[in-house]
Amino acid sequence: MGDRDILIDRYKQFLTAYLSGRTEQALYRAQQFSRKMLEQNISPEEVINMHSTVLQTINGGIPEEIRDSFDFLIEVMMGYGMAYREHQILRDKQKALESEIEVAASMQQTLLQGDIPVTDKLDIGVISKAAKQMSGDYFHFVQNRPESINVAVADIIGKGVPAALCMSMIKYAMDSLPEQENHPSMVLENLNRVVEQNVDPAMFITMFYGNYNTDIHRFHYAGAGHEPGFYYDAKNDNFEEFMAKGLVLGVSKTTQYQAFDKDIEEGDMILLLSDGVTECRTSKGFISREEIVTLIRSYMHLNAQEIVENVYSDLEQLQDFELRDDFTLIILRRSV
């Protein structure tokens, strides 16, 4: 007796036992038998054909239209089987890709991770959250001298792994320019040439770069098409846009960037951010910049880190805990 005949015979035993009593035990035995068939690579259409053959032997034949319906079901299951196998292959590839992206995301966090300066001259708060696994936002602090703190906020116009790789390149380029730390406009001009030469023309980078001198409390800064931040004037209790106009990085290698500077008084705040903060979208539409200011005001009695964390928490809740874009918010507040 061949293997197929043995399978048919056993299937006939299980089916006969079930039809005679319809017991749970008979169903359990059938389930166990199905695993054996799976181990022997018996396809669904073969199982249906086996069922039809056994049913005919048990009943001494079955009506022609029922027999034809089994033929139809076999064809359906053949198509289903091929589609199912293709689905399994795609699912396995997707799982492999997701695993690779997780590794890349972990590497991105390791590569871009940096220390936040600690000084009694400034109260610094930072929060940066990725909307997906890979972030298109980047912030960067450098303190090569006790009185000099450099800060950058950047946003890739593009997402995923290419954006992450681009950010890594930007970090390397920034780390290679320590001699120009006090000249934000020159830093942007050098980075612009790097981006223009090495990044796909369809991908651009916006950036705000600043240098804070804690001895004289003066902030030098320049911008490359980045989202305007906010400046809080403590004396007049007033928020204003902290804007530094300039072309995004990577458009033209001859672009020059204008330098700005501002004296910072006690209690004043510099707020730097990505467009994930000002373009939060709720069921009612986009949140206005005025609403962001109101939100910041409600937490100004807290330290800088608590402010950024509470603002993020509130905006995340307003978006039903699903970020639409990467979120970065940095606060530099001159200590009293």
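The values are calculated or read from the model by the stated rules, or taken from the named source; none is laboratory data. Quantities reported herein were computed from a predicted structural model and do not represent experimental measurements. All Cβ positions, glycine included, derive from the backbone under ideal geometry; neighbour counts span all protein chains shown.
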How many residues does the range 172-191 hold that are at pLDDT 75 or above and out of contact with any helix residue (DSSP H, G or I) (no Cβ under 6 Å at 6 or more places or on another chain)? 7
Output the residues belonging to the range 223-246 that are aliphatic (A, V, I, L, M) and either in contact with a strand residue (DSSP E or B) (Cβ under 6 Å, 6 or more places away or on another chain) or not assigned by TED's automatic domain parsing to the domain that holds Leu191 (or both). Ala224, Ala244
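For every residue, the table says whether it meets (1) closer than 22 Å to Met207 by Cβ; (2) part of a strand (DSSP E or B); (3) of a type in the set (Phe, Trp, Tyr).
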position: Asn236; (1), (2), (3): no, no, no
position: Thr255; (1), (2), (3): yes, no, no
position: Gly276; (1), (2), (3): yes, no, no
position: Glu291; (1), (2), (3): no, no, no
position: Leu295; (1), (2), (3): no, no, no
position: Asp314; (1), (2), (3): no, no, no
position: Ile330; (1), (2), (3): yes, yes, no
Please specify each residue of the range 30-77 satisfying the condition of being touching a Gly at 6+ places or on another chain (Cβ under 6 Å) and either modelled with pLDDT of 80 or more or exposed (fewer than 12 other Cβ atoms within 10 Å of the Cβ) (or both). none
Answer with yes or no whether Leu15 is assigned by TED's automatic domain parsing to the domain that holds Asn59 and within 21 Å of Thr57 (Cα to Cα). yes
Given (1) within 17 Å of His140 (Cα to Cα); (2) surrounded by fewer than 18 Cβ atoms within 10 Å (Cβ to Cβ), number of the condition Ala224 does not satisfy: (2)
Quick one: how many residues across the range 236-257 are surrounded by fewer than 17 Cβ atoms within 10 Å (Cβ to Cβ) and closer than 16 Å to Asn192 by Cα? 6
Starting from residues that are in a loop (DSSP other than H, G, I, E, B) and of a type in the set (D, E, K, R), keep the ones in the range 212-234 and report whichever is modelled with the lowest pLDDT. Glu227
Could you grab me the full set of residues in the range 200-258 that are of a type in the set (D, E, K, R) and under 19 Å from His183 (Cβ atoms)? Asp215, Arg218, Lys245, Lys253
Subset of the range 304-327 that is loosely packed, with under 15 Cβ neighbours inside 10 Å and in contact with a strand residue (DSSP E or B) (Cβ under 9 Å, 6 or more places away or on another chain) - its residue that is modelled with the highest pLDDT: Glu306
